[in-house]
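Reviewing the structure listed below.
The values are calculated or read from the model by the stated rules, or taken from the named source; none is laboratory data. Remember, it's a predicted structure, so these values are computed and weren't measured experimentally. Note that we place each Cβ from the backbone using ideal geometry, even for glycine, and neighbour counts take in every protein chain shown.
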Amino acid sequence: MPEIRIDPLSGLRALVATESGEQRGGELTVAPRAPVDPARDPLAEGHEDRTGAELYALRPGGGAPDTPGWTVRVVSDPQAALRPGAPEPPADGRPELYRALAARGAGELIVNGPQPVSSLAELSVEQLQAAVEVWRERMRVHAGAAYLHLGVDEGVAAGAPQHTHARLRALDFVPAVAARERERFGAYATRTMGGDLLEDLLQEEVRRRERIVAIDGEAVLWCPYASRHEFALTLAPRRRRERFEDDGPTGAALLHDAVTRLKRRFGESPPLSLWIRTAPRDAERFCWRIDIVPRLTPDAGLQLATGLRRNSVAPERAAAELRDA
């Protein structure tokens, strides 16, 4: 029978089809990606003059900014539309119903490697580990922000059919979704006299094993109980750490394993979005995690109108298939 499942972390609901006849997982396919054209790739090594100003780079052999020889490179992101000193928008006689705030913040584009590839799965595990360390380093630079969003989009369906890169947004407000999770973490700690919501959830997932995909020395990878997307994955550290930007494990090796398993399952890297959920400002209890969402099916009117999304592949089945991948 189909059922409505409630995500313990966010409180969001998902309509999960649990009968084999209602699961369309076998019909889900991924079209081959067009290769990145090195000559037209603005993020490839040797094309440093085609990007915004270089803010940071790993250069094992040294060298000047905006020159070849880097392994991970950070540049200003013209698409961010956020500025540290952005002015307040003029009122222009607008009533209180039509509020507008200054678009304050910062935006950076992090090129995950010099290779002209479109997926994290095409990088070596060592290259991805280097990129993730730079993600963390740049998040530290903006540690004073109310909220930090570090995300990767891959594939046409995710709006990024090009060289693999991450985008960092430093916001001066906490988005509603993150604020809601902050409240749920705090309420759970109060209700359980100090318990940690994600840590306790992780212990239960490991005990049950039915949705666990992989575990290594740093992190755990699983398909969430109330997955709102087919073959969605979550990665979290084995021991609670509030902020991804703090010292400690990054889970980069398991992240590489996750995107590689998805590629093996579908025969091609699926379009996907992934992001790091780190502790927002004023969070008394929290634990960072990485959510990985393959973009296999479009949102329908039900999702757009109500926020309720239908997942046609039960997380237990998705986890089993990814374990076998």
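Among all residue pairs at least 6 apart or on different chains, which show Cβ distances below 7 Å where the first residue, located in region 175-196, is under 18 Å from residue 289 (Cβ atoms) and the second is outside any helix (DSSP H, G or I) and aromatic (Phe, Trp, Tyr)? From region 175-196, the pairs are 175/147; 178/147; 182/286; 185/286.
Considering every residue within region 116-123, establish whether at least one is in a strand (DSSP E or B), under 30 Å from residue 32 (Cα atoms) and either among the charged types (D, E, K, R) or modelled with pLDDT of 95 or more (or both). No, there is no match, as no residue in region 116-123 is in a strand (DSSP E or B), under 30 Å from residue 32 (Cα atoms) and either among the charged types (D, E, K, R) or modelled with pLDDT of 95 or more (or both). Of the numbered criteria (1) touching a strand residue (DSSP E or B) at 6+ places or on another chain (Cβ under 8 Å); (2) modelled with pLDDT under 90; (3) of a type in the set (Gly, Ala, Ser); (4) within 30 Å of residue 297 (Cα to Cα), the one residue 157 fails is (1). When residue 242 is tested against (1) under 17 Å from the mean Cα position of the chain (by Cα); (2) surrounded by fewer than 22 Cβ atoms within 10 Å (Cβ to Cβ); (3) farther than 26 Å from residue 193 by Cα, exactly one condition is not met: (3). Report every pair of residues separated by at least 6 positions or lying on different chains whose Cβ atoms are under 8 Å apart, first residue within region 66-79 and part of a strand (DSSP E or B), second modelled with pLDDT of 95 or more and among the small types (Gly, Ala, Ser). Note: pairs meeting the criteria are 72/57; 72/113; 72/130; 72/131; 73/57; 74/57; 76/107. Of the residues screened, residue 207 is not one that is at pLDDT 95 or above, assigned to a loop (DSSP other than H, G, I, E, B), of a type outside the set (Asp, Glu) and under 25 Å from residue 184 (Cα atoms).
Okay, residues lined up against (1) closer than 17 Å to residue 163 by Cα; (2) at pLDDT 95 or above:
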| site | (1), (2) |
| --- | --- |
| 7 | no, yes |
| 16 | no, no |
| 28 | no, no |
| 35 | yes, no |
| 40 | yes, no |
| 44 | yes, no |
| 48 | yes, yes |
| 61 | no, no |
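Scanning region 245-290 for residues that are of a type in the set (A, V, I, L, M, F, W, C) and part of a loop (DSSP other than H, G, I, E, B) gives 279, 283, 286, 287, 288.
When 285, 310, 265, 295 are screened for being surrounded by fewer than 24 Cβ atoms within 10 Å (Cβ to Cβ), within 26 Å of residue 189 (Cα to Cα) and in contact with a helix residue (DSSP H, G or I) (Cβ under 8 Å, 6 or more places away or on another chain), only 285 passes. Of the residues making up region 25-65, those that are surrounded by 15 or more Cβ atoms within 10 Å (Cβ to Cβ) and touching a residue at least 40 places away in the same chain (Cβ under 8 Å) number 14. Among the numbered conditions (1) part of a strand (DSSP E or B); (2) in contact (Cβ under 8 Å) with a residue 40 or more places away in the chain; (3) hydrophobic (A, V, I, L, M, F, W, C), the only one that residue 220 does not meet is (2).
Suppose we filter 109, 148 for residues that are under 17 Å from the mean Cα position of the chain (by Cα), over 20 Å from residue 291 (Cβ atoms) and buried (at least 19 other Cβ atoms within 10 Å of the Cβ); which single one remains? One residue alone meets the criteria, 109.
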